[in-house]
1. Would you kindly give the portion of the calculated P(r) for segment 156-220 that falls above 13 Å, as a percent of all Cα pairs?
2. Between segment 251-269 and segment 88-119, what is the separation of their alpha carbon centroids in Å?
3. Net charge around G139, counting only other residues with Cβ within less than 14 Å of its Cβ (Lys, Arg = +1; Asp, Glu = -1)?
4. Amide H of F216: which non-local residues (sequence gap of 5 or more, or other chain) have their own amide H closer than 5 Å, using H built in the peptide plane?
5. Across segment 225-231, in residue order, what do the Karplus-derived ³J(HN,Hα) couplings come to in whole Hz, using 6.51 cos²θ - 1.76 cosθ + 1.60 with θ = phi - 60° and x for Gly and Pro?
6. Would you mind counting up the charge near P301? Only other residues with Cβ under 14 Å from its Cβ, with Lys and Arg at +1 and Asp and Glu at -1.
7. If you average the C-alpha positions of segment 155-179 and of segment 271-311 separately, how far apart do those two centres end up, in angstrom?
8. For a Förster distance of 35 Å, can you work out the FRET efficiency between the beta-carbons of K211 and Q121, rounded to the nearest 0.05?
Amino acid sequence: MRRSSTFARQVLLVRVGRRDGDLHPTEHRYADRQRRRYGLDRLSRPTLGVDPTLGLDRADIEAVMPVSPAMPPMAQADEIRPIPLLPGERTMARRLKFGLVNACTLASLMLGMLAIFLAMQGEVRMAAFCLIACVGFDGLDGALARRLGVASPFGAQMDSLADMCSFGLAAPVVVYASLAGSVSTAAAAVACALVAACAAIRLARFNVSPKDGRFFCGVPTTMAAAVLAVTVAIGLPVPGAVLVAGVALLAFAMVSSFPYAKLARLVKLPPWLWLAPVIGALVDIRLTFALIVVGYLVSGPVLWLRQRRTV
């Protein structure tokens, strides 16, 4: 038993009970015999870079350390370098442009917070207008970054976090406040929670997916929030149950794989197609808005079926 326990401590490299220096002379003799038999004497050789706690050199430590497939190997200390927030030339003019772009992103974030505060106080329509302003600033920061040549990974991540606050959290809160009294609290909460969850999934998927210059993969969070904000702002005259179903459908459309055309492609449509919604808005803005939203949501499955047939 003594020999086996000594050998187990040597193999597992765990200090149990007394220190090795306190062992009985016979235990030292048996320990050396087991080390010579199993080739373990190399573990205690005095080499360069010895770990003082275990008596292992660096190669032995790396050989016994567990490797997790979810984590990349650790880099050496001399390979770790800070990543600049603004790549390229760091002049005062570029820094001011970079600050202007990020100020637009922060403005979108602050307006989203203001929308939440207004919705909590019952000012639902004002909160909806704040969300519409969020959409404007969200499009402005990206356009300015490309125009001024200060696009950066930091700005992209910051924009994604601001979108989650403004469109993934503020928009559901505003919709929940607008549905109070018209539907049950549980139904409104479930529909708005779906919007928040699907917005998070949509933003994370967008950050790691290859970009397509023609189509979105699913309805973008900015457009979904704009639809919800305009619906609350104009007071769409539909039953509460229909609104809840529409909110849930919009949430699932965000995480769908249907292709939806980007604004750059919509601008290239014939002029008469743009004239029809303008005339319809002058006649009945609510009906025109509902038809545009339904048409855009249906366009995704139609394009998906068309692509499958061509392939």
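1. Working: 1353 of 2080 pairs.
Counting every Cα pair in segment 156-220, those more than 13 Å apart make up 65 percent.
2. 26
3. The answer is -1.
4. HN-HN under 5 Å from F216: Y260, A261, K262.
5. 5, 5, 4, 5, 5, 5, 4
6. +3
7. Segment 155-179 and segment 271-311 have Cα centres separated by 25 Å.
8. Numbers: r = 39 Å, r/R0 = 1.13.
Given R0 = 35 Å and the Cβ-Cβ separation, E is 0.35.
No lab work stands behind these numbers, since they all come straight from the coordinates. Values in this document were obtained by computation on a predicted structure and should not be read as measured data. With ideal geometry, Cβ positions are generated from the backbone for all residues, glycine too; neighbour counts draw on all protein chains shown.
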